[in-house]
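Down below is the structure, laid out as structure tokens.
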Amino acid sequence: MELVDAYFNSWGILLTWSGLLFFMLGIANGMFFGSIPGLSGSVGIALMIPLVGGIGENKAIILFCAALSAQTFAGSMSAILLNTPGTAPNAATTLDGYPMTLQGRAGMALGISACASAMGTLIGTVVIIAILPFVRVTILAFSFPEFALLAFVGLAGIAIASKGSILKGIMSGLLGLGFSFIGFSPVHGELRLVFDNAELLKGVDAVGALIGLYAITEAIKMISSKRNQKSLVDVKIPFSQVMEGVKFVFTKPKILIKSSVIGAGVGVIPAMGGTVAAFMAYFSAKSSSKDPDSFGSGNPEGVLAPEASNDAKDAASALPSLAFGIPGSSDWAIILGALVVQGIQPGPMLIKEQPVLMWLAIGTIALASFATSAIGLAMSPVITKVTLLRPSLVGVAIASVALTGAYGLDNKMIDIIWAVIFGTLGYFMSRSGYPTVPLILGLLLGKGFETNFNHTSSIMDGGITSFVTRPISLVLVACVVLIIGSAFRKNKKHVSAATDTADGKVEHGVKLSLESKIFAFFMLGLASFLVVTSLSLNQFAAKVFPIMVGSLLGLTAIAFLVIGSVDSLALKLPDFIGNSSEIRVREDTNFKVFGLNPELAVLGSFVGYLGLTVLVGPAIGLVLMGVFLLFVVAKENWKVAVISLVALYGFLWLVFIVAFNVEVSYGLLPL
């Protein structure tokens, strides 16, 4: 009965004037950032975190979940009209969506996408509603061992499932745990890693970390890009054609339901993400089609399947994200961080004590999907024009809003420093192929993980053996074993496939890039530092967990370097070292700034901004940085640059100084 009451209460919260206001703000954010190719709605969600302040838990859930739901369909519009996906999961939609546009059926493709998105979310929501009561009953039996093991399962699962390298994912997660140790020990309150600096007492600022890893890292890539945006496809979208697409969805109920169930199934598995769900549904529809050869050349089913699956995934991902504190996707990782800032602690206690928030998230995602589809169809010619924005202008705007937001939250320089540190870290991680989601999860779960681990060993009857003597704990231990086993099975499968392809003559394994090696040595150095500094702590409970994490990080880095250096091991364990990275290929290879790679020049400008804040304050320093980025790095037309900077900094002045009354410092200037 409590769940039923919470369900109806959640709709009462959502359908208030304030609830609907934040609902529409979230939709606007998601549609704008989701429709810009290559940017993704994740950046938009991250940028909202410092702007909304302490709006309260209900409004925060509504705002962020509406943005999450809105970005998915918005990304499909540019995928269909421009052959450029707005978000990564929309890549599958381009395969048949853009050919339909070239055939003059853009309206039908948009109609299919809109209807499939809405219906996919609805089906995904029904799946979650059906299993939520059973999940809550299980969670009520949780205690310290289960909470600790659940955090371990989440970290292990996301680290191992991360794209590229298993060991890189593990190192990223352990690095996140390492950052969580800064500040007071959660058990006895002993100070760790603060180095007599009062600014570090509260630990790593989650807002700065999220802004740095997502907004700053993305801004570096966009500002340094010389890519020319494609012209908007000049197509007419008759309403009759749109309705034809809507009707088509209901003529294919089997594909709709099957694709939605695939998306919901993928959504409840942490770290799988929308891209996996979309392509799984696409190839499933293709394999069961009577005309599989038509896929890729404008088959409407090739739009229906990935869009239904992608949106069903968003609704289903709410379950592991909120009920267990384990993000079902990278977007949910950012939302979890945003909710922590608002005072919400995702995890089993949330569904125990505040089930209304769970229902509020599910209801917001479902309603936002229908609202976004309707708005998108009505305004698609206007919305898709944002794809014409120059990457450098968007990048400078993102960086300026991010840094201003980081400072404006508490008026402290340490928040800007954290944003730049994590932005720099995120940039080098992306270049070296290290995933960032495990790092964020480790940072967010670290203190809770450590607290539950220590309570299990000191309070529970049986101590540390409680991890293997309680029924639910045994199930979670089995999950860990299965996760680790799946890594070896996946690796063995890839080895067999490579051997078969090369007729058994594979002689060389994966070669590590210089950047991967350097970053692994960097991890090894951090691990050694963490262990050495932890050994000097007084309380055993304060140092045992950091020593364990530091030791594991060091051993993992050594294993990574050894496997990558020995051909026989690299041949046997290719998935453990991987070779993926996100080094972007620029169209203009001669593009240099002072003889440097432009990305390094942009990164240097962010580091230089920290010095400018000391000399002239964050506001004037931000203006000088923007001028340097647009005129020197991006080499924009001076009229465009001046107009853009005046509009951007005028907006920031109105929002932060006039509306939020943020105090401005002028550094060493006598003002």
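The values are calculated or read from the model by the stated rules, or taken from the named source; none is laboratory data. Treat the numbers as computed from the prediction; the structure is a model and nothing was measured. As a convention, Cβ positions derive from the backbone with ideal geometry for all residues, glycine included, and neighbour counts pool all protein chains shown. The area values use the complete protein model at the heavy-atom level, side chains included, leaving out ligands, DNA and RNA. Shrake-Rupley method; radii C 1.70, N 1.55, O 1.52, S 1.80 Å.
General remarks:
- Qualifying residue in the range 279-296 (condition: in contact (Cβ under 8 Å) with a residue 40 or more places away in the chain, surrounded by fewer than 21 Cβ atoms within 10 Å (Cβ to Cβ), over 18 Å from Ile365 (Cβ atoms) and in contact with an Asp or Glu (Cβ under 7 Å, 6 or more places away or on another chain)): yes
- Sole residue being modelled with pLDDT of 85 or more and open to solvent by less than 10 Å² (accessible area, probe 1.4 Å), chosen from Ala114, Ala106: Ala114
- Any hit, the range 491-503, residues being in a helix (DSSP H, G or I), surrounded by 14 or more Cβ atoms within 10 Å (Cβ to Cβ), modelled with pLDDT of 75 or more and among the aliphatic types (A, V, I, L, M): no
- Filtering the range 559-573 to residues that are open to solvent by 30 Å² or more (accessible area, probe 1.4 Å) and either at pLDDT 95 or above or not aliphatic (A, V, I, L, M) (or both) leaves Ser565, Asp567, Ser568, Lys572.
- Residues satisfying the stated conditions in the range 510-527, i.e. part of a helix (DSSP H, G or I) and surrounded by 15 or more Cβ atoms within 10 Å (Cβ to Cβ): Glu515, Ser516, Lys517, Phe519, Ala520, Phe522, Met523, Leu524, Leu526, Ala527
- Taking each residue of the range 398-416 that is at pLDDT below 85 and looking for partners that are of a type in the set (Val, Ile, Thr) and open to solvent by 10 Å² or more (accessible area, probe 1.4 Å) with beta-carbon atoms closer than 7 Å, six or more apart or interchain, yields Gly408/Val662; Asn411/Val662.
- The single condition among (1) aromatic (Phe, Trp, Tyr); (2) in a loop (DSSP other than H, G, I, E, B); (3) modelled with pLDDT of 85 or more that Phe142 does not meet is (3).
- Test result for Ile416, closer than 24 Å to Leu624 by Cα and either in a loop (DSSP other than H, G, I, E, B) or of a type outside the set (Lys, Arg) (or both): yes
- Failed item, numbered, when Phe521 is tested on (1) over 30 Å from Ile223 (Cβ atoms); (2) at pLDDT 90 or above: (1)
- Note on the range 151-191: residues that are outside any helix (DSSP H, G or I), open to solvent by 10 Å² or more (accessible area, probe 1.4 Å), on the phi < 0 side of the Ramachandran plot and not hydrophobic (A, V, I, L, M, F, W, C) total 5.
- Selection within the range 618-671 - open to solvent by 90 Å² or more (accessible area, probe 1.4 Å) and part of a helix (DSSP H, G or I): Trp638, Lys639, Ile643, Val646, Phe651, Trp653, Leu654
- For the range 432-459, a residue qualifies if it is touching a residue at least 60 places away in the same chain (Cβ under 8 Å), open to solvent by 40 Å² or more (accessible area, probe 1.4 Å) and more than 17 Å from Gly178 (Cβ to Cβ), and the qualifying residues are His455, Ser458, Ile459.
- Residues considered: Ile335, Ile375. Of these, the only one that is open to solvent by 10 Å² or more (accessible area, probe 1.4 Å) and closer than 30 Å to Leu648 by Cα is Ile375.
- Scan of the range 306-345 for residues that are within 26 Å of Ala148 (Cβ to Cβ) and in contact with a Cys (Cβ under 9 Å, 6 or more places away or on another chain), ordered by number: Ala318, Ile335
- Residues of the range 91-122 classified as part of a helix (DSSP H, G or I), out of contact with any Gly (no Cβ under 8 Å at 6 or more places or on another chain) and more than 19 Å from Ala264 (Cβ to Cβ), total: 5
- Residues in the range 117-142 that are surrounded by fewer than 17 Cβ atoms within 10 Å (Cβ to Cβ), touching a Leu at 6+ places or on another chain (Cβ under 8 Å) and β-branched (Val, Ile, Thr): Ile131 only.
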